[in-house]
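This report concerns only the one structure given below.
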Amino acid sequence: MQAFVVTGGTRLEGRVTVPGAKNSVLKLMAASLLAVGRTRLTHVPDILDVSIMAELLRRLGCIVEYDAVASVLVVDVPEELGHQADYDLVRRMRASIAVLGPLVSRVGLADVALPGGDAIGSRGLDMHVGGLTRMGAEFTSEHGFLTASAPGGLTGAQIWLDFPSVGATENILMAAVLAKGRTVIDNAAREPEIVDLCEMLQQMGAGIEGVGSSTLAIEGVEQLAPVEHATVPDRIVAGTWATMAAITGGDITVDYAHTKHLEIALDKLVTAGAMIEATATGFRTSMQGRPRAVDVVTLPYPGFPTDLQPQFIALNSVAEGVSMVTENLFEARFRFVQELTRLGADVHTDGHHAFIKGRRRLSGAPVEATDVRAGVGLVLAGLVAEGQTTVIDVHHIDRGYADFTELLTSLGGEIERVDVPSRG
């Protein structure tokens with residue numbers, strides 16, 4: 001097992017380039033299954049989740065080539081695809097469920113192990129199943145697998161989502177592009193990663209209207225063609241670096257980033273006292289002095305992203321004043337708070353609210369990452385803690401952040417990856 005040893009007290013300064021979005025590229029890889037031939041994706045991050053998804057596609061019969069230096073991934077999709085996504089891969093990454101829609105649409109059959117992934121709360125598949133059922137798919141669940149079949153093909157339908165679920169929107173969308181007739185998804189998710197997927201599908205020949213809105217209308221086509229597509233920048237990674245600049249009193253320029261995807265988060269940093277300056281290729285974040293406490297409420301896009309919530313709790317833990325962070329999306333996302341309190345943070349939770357009283361300094365201690373964003377939040381806290389903070393289970397961080405220690409070191413941070421004994 002590996003850990004990060006973070007030595008606090010350094011100011012981060014310099015420049016970083018954001019890779020393509022983790023939350024987009026995995027779905028783009030799944031979408032490649034919809035077209036026979038070679039789909040080429042650029043700006044692909046060198047992260048663990050990409051490796052897991054690549055292996056899943058290989059087991060379905062695809063040839064996958066990845067050039068980490070060039071950030072290019074090629075998926076060569078055969079005429080005859082497999083239909084089973086095995087548990088040993090799906091349990092490691094919830095995004096594997098994204099192959100459900102493409103497989104049932106193109107093959108007429110999908111066996112997908114019930115997913116695992118981050119320990120941030122229950123994220124049921126009811127809306128995925130409900131939407132695909134309305135399109136004619138039949139489902140059974142046994143022995144840990146969800147089986148979908150549509151031997152006669154899928155048919156367009158009117159689908160209303162109870163919540164703008166990103167995963168359900170993606171699965172239904174990818175199923176609908178090859179279905180017969182017209183599908184309308186109401187209360188669809190609007191995240192930039194959804195827009196990125198829609199734009200790639202349109203390049204492939206899909207008929208999609210309402211991209212970027214809460215209503216997507218899809219006219220099914222008989223077949224799609226492989227394409228080359230550049231992955232949208234990772235707004236969560238960009239927001240993480242910006243928050244690191246603020247918490248350390250630093251100055252970081254973030255390249256290959258879209259400020260419009262982070263408007264609320266960047267505005268919150270300004271409220272905390274940071275300076276945000278747009279650049280030709282991204283933005284610059286700088287902070288002088290101690291941050292001010294800032295309240296945060298997570299909501300579906302374009303609201304404040306839940307994936308930046310742990311980073312802002314870390315920021316508030318050393319801010320001047322008292323703040324409240326409200327988590328509306330994942331009920332277990334506050335699990336990492338008990339780890340943060342080991343560093344001396346004054347944080348109390350009540351239901352889906354966290355109350356934070358900022359302290360001038362934290363103190364280093366061993367802590368455990370429970371998910372990708374919580375792990376990064378603990379690293380942020382470690383950067384401003386006295387002494388050393390050891391963050392274990394950093395494979396979570398590897399799932400979402402490429403070259404993390406190298407980039408942090410290049411900015412002046414003191415962080416080292418070490419091997420530690422496995423537990424149990």
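The values are calculated or read from the model by the stated rules, or taken from the named source; none is laboratory data. Keep in mind the model is a prediction, meaning the values are calculated, not measured. When we count neighbours, we look across all protein chains shown, and the Cβ atoms used for this are built from the backbone with ideal geometry, even at glycine.
Of everything listed in (1) β-branched (V, I, T); (2) at pLDDT 95 or above; (3) surrounded by fewer than 18 Cβ atoms within 10 Å (Cβ to Cβ), the single unmet condition for V104 is (3). Restrict the check to region 273-281 and report whether at least one residue is assigned by TED's automatic domain parsing to the domain that holds L362, without any contact (Cβ under 8 Å) to a residue 40 or more places away in the chain, in a loop (DSSP other than H, G, I, E, B) and buried (at least 16 other Cβ atoms within 10 Å of the Cβ). Yes, there is a match, as at least one residue in region 273-281 is assigned by TED's automatic domain parsing to the domain that holds L362, without any contact (Cβ under 8 Å) to a residue 40 or more places away in the chain, in a loop (DSSP other than H, G, I, E, B) and buried (at least 16 other Cβ atoms within 10 Å of the Cβ). The residues on offer are G303, G205, G289, G249, and the sole one that is of a type in the set (G, A, S) and in contact with a strand residue (DSSP E or B) (Cβ under 8 Å, 6 or more places away or on another chain) is G303. Considering each residue of region 90-98 in turn, at least one proves to be over 17 Å from S165 (Cβ atoms) and surrounded by fewer than 22 Cβ atoms within 10 Å (Cβ to Cβ). Taking A257 as the residue in question, decide whether it is in contact with a strand residue (DSSP E or B) (Cβ under 7 Å, 6 or more places away or on another chain), within 30 Å of M287 (Cβ to Cβ) and in a loop (DSSP other than H, G, I, E, B). So A257 passes the test.
Here V44 clears all of (1) of a type in the set (V, I, T); (2) out of contact with any Ser or Thr (no Cβ under 6 Å at 6 or more places or on another chain); (3) at pLDDT 95 or above except the condition numbered (2). Yes or no: region 207-217 includes at least one residue that is crowded, with 24+ Cβ neighbours inside 10 Å and outside the structural domain of G289 (by TED's automatic domain parsing). The answer is yes; a qualifying residue exists.
Yes/no per residue for (1) buried (at least 19 other Cβ atoms within 10 Å of the Cβ); (2) under 23 Å from the mean Cα position of the chain (by Cα); (3) farther than 22 Å from G205 by Cα:
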| position | (1), (2), (3) |
| --- | --- |
| D126 | no, yes, yes |
| V129 | no, yes, yes |
| F139 | no, no, yes |
| A148 | yes, no, yes |
| Q158 | no, no, no |
| F163 | no, yes, yes |
| A175 | yes, yes, no |
| K180 | no, no, no |
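Only one of the listed residues (D88, D111) is out of contact with any Leu (no Cβ under 9 Å at 6 or more places or on another chain) and more than 30 Å from T17 (Cα to Cα). That residue is D88. Please verify whether region 23-36 includes one or more residues that are among the basic types (K, R), more than 26 Å from E222 (Cβ to Cβ) and crowded, with 17+ Cβ neighbours inside 10 Å. No, that holds for no residue. For first residues located in region 340-353 and of a type in the set (D, E, K, R), partners that are surrounded by 17 or more Cβ atoms within 10 Å (Cβ to Cβ) and in a strand (DSSP E or B) and lie 6+ apart or on another chain with Cβ distances below 7 Å form the pairs R342/V367; D346/I356. Any residue in region 170-195 that's in a helix (DSSP H, G or I): show its pairings with residues that are surrounded by fewer than 21 Cβ atoms within 10 Å (Cβ to Cβ) and not acidic (D, E) at Cβ separation under 6 Å, as long as the two are six or more apart or on different chains. Final answer for the pair search is V195/V211; V195/G212. Where strands (runs of 3 or more DSSP E) fall entirely within region 16-118, those with at least 1 residues that are free of Cβ contacts under 8 Å to residues at least 12 places away in the same chain and within 22 Å of the chain's Cα centre (by Cα) are at 63-67.
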